[in-house]
Structure formats: C-alpha cells, structure tokens
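K.L.:
The structure is given below, and queries will be raised subsequently.
The values are calculated or read from the model by the stated rules, or taken from the named source; none is laboratory data. These numbers come from a predicted model, not from an experiment. Don't worry about glycine lacking a Cβ; one is built from the backbone with ideal geometry, like all the others, and counts go over all protein chains shown. With ligands, DNA and RNA removed, areas are computed over all heavy atoms of the protein, side chains included. Shrake-Rupley method; radii C 1.70, N 1.55, O 1.52, S 1.80 Å.
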Amino acid sequence: MTKEDKEKLLKIIVAEKDNLLVNIKSLEEGSKPVAPDDAIGRLTRMDAINAKSINEANLNTAKVKLVKLERALSKLDDPDFGICAICEEPIPVGRIMLIPETTVCVQCADK
Ligand SMILES: [Zn+2]
C-alpha cells in the first residue's frame, strides 16, 4: 500500500465513521422503550415493537462496524496492515478501500 493509498483510506475511514456515528445516534433514538399508551399514529404497538427490534439489530451491526473501523484506523500504520490475516498475502487495495474494516482477502473471506 502506498502512502497516497493510506491517506485516501484514512479519509474513507474517517468519513465512514462520521456516517456511522450519525446513524447510531438516530438508531438509538428509535431504540427507546415503546410506551404502552404512546400515540403512535398509524403504527400499532406491535408494529412499533417490531420496528424497535429491527432498529436494535441495525444498531448492533453499526456498533460492531464502528469498532472494526476504529481498529483499522489504529492499525493503519502497522507494517502488517492490509495483509490477509489468514493467508498473509496482501489484500488488494481496491478491497480495502471498499471495506476498510476487512482483515482477510476475498479468497479467504469466501472460505
Ligand atoms: Zn487471504
């Protein structure tokens, strides 16, 4: 990975993190307990509870991704950054740009 690639990747990770933080904030708003006598409009209470559990699943996914992105960010300057954790071959730059939190190459991810 070249210095330019790393700078580009750093920007991608920071931008993704910002997006995630906004996302997490709005998901957290939607994960508040559903009050039994809430005036929910067209949604029934069951719908609200279903929406809440989907919300919580999305929130978990977003939080896991955030942790992975932060890990990638902290490892950006490591000599083994961008090296597949399984086969130890370099991960193609294109893949890292697309999924910065990845630690394995396409071949190993498919296994
Ligand atoms: Zn691999």
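K.L.:
For the condition of a type outside the set (S, T, N, Q), in contact (Cβ under 8 Å) with a residue 12 or more places away in the chain and within 16 Å of the ligand (Cβ to nearest atom), what is the one hit in GLU101, GLU56? Reasoning before the result, please.
P.N.:
Values: GLU56 fails: within 16 Å of the ligand (Cβ to nearest atom).
The conditions single out GLU101.
K.L.:
Another one. Out of the stretch 76-96, which residues are within 16 Å of the ligand (Cβ to nearest atom) and touching a residue at least 60 places away in the same chain (Cβ under 8 Å)?
P.N.:
PHE81, GLY82, PRO90, VAL93, ILE96
K.L.:
So which residues in the stretch 56-102 are touching a strand residue (DSSP E or B) at 6+ places or on another chain (Cβ under 9 Å) and open to solvent by 30 Å² or more (accessible area, probe 1.4 Å)?
P.N.:
ILE83, GLU89, PRO90 - these are the residues of the stretch 56-102 that are touching a strand residue (DSSP E or B) at 6+ places or on another chain (Cβ under 9 Å) and open to solvent by 30 Å² or more (accessible area, probe 1.4 Å).
K.L.:
Does PRO33 satisfy the condition of being more than 18 Å from the chain's Cα centre (by Cα), more than 15 Å from the ligand (Cβ to nearest atom) and not aromatic (Phe, Trp, Tyr)?
P.N.:
Yes.
K.L.:
Follow-up. Can you tell me which residue among LEU69, LEU73 is touching a residue at least 60 places away in the same chain (Cβ under 8 Å), closer than 27 Å to LEU21 by Cα and away from the ligand (no atom under 15 Å from the Cβ)? Working first, answer last.
P.N.:
Details: LEU69 fails: touching a residue at least 60 places away in the same chain (Cβ under 8 Å).
Criteria check complete, one pass: LEU73.
K.L.:
Before we move on, is LEU9 touching a residue at least 40 places away in the same chain (Cβ under 8 Å) and open to solvent by 40 Å² or more (accessible area, probe 1.4 Å)?
P.N.:
Considered against the rule, which asks whether it is touching a residue at least 40 places away in the same chain (Cβ under 8 Å) and open to solvent by 40 Å² or more (accessible area, probe 1.4 Å), LEU9 comes out as no.
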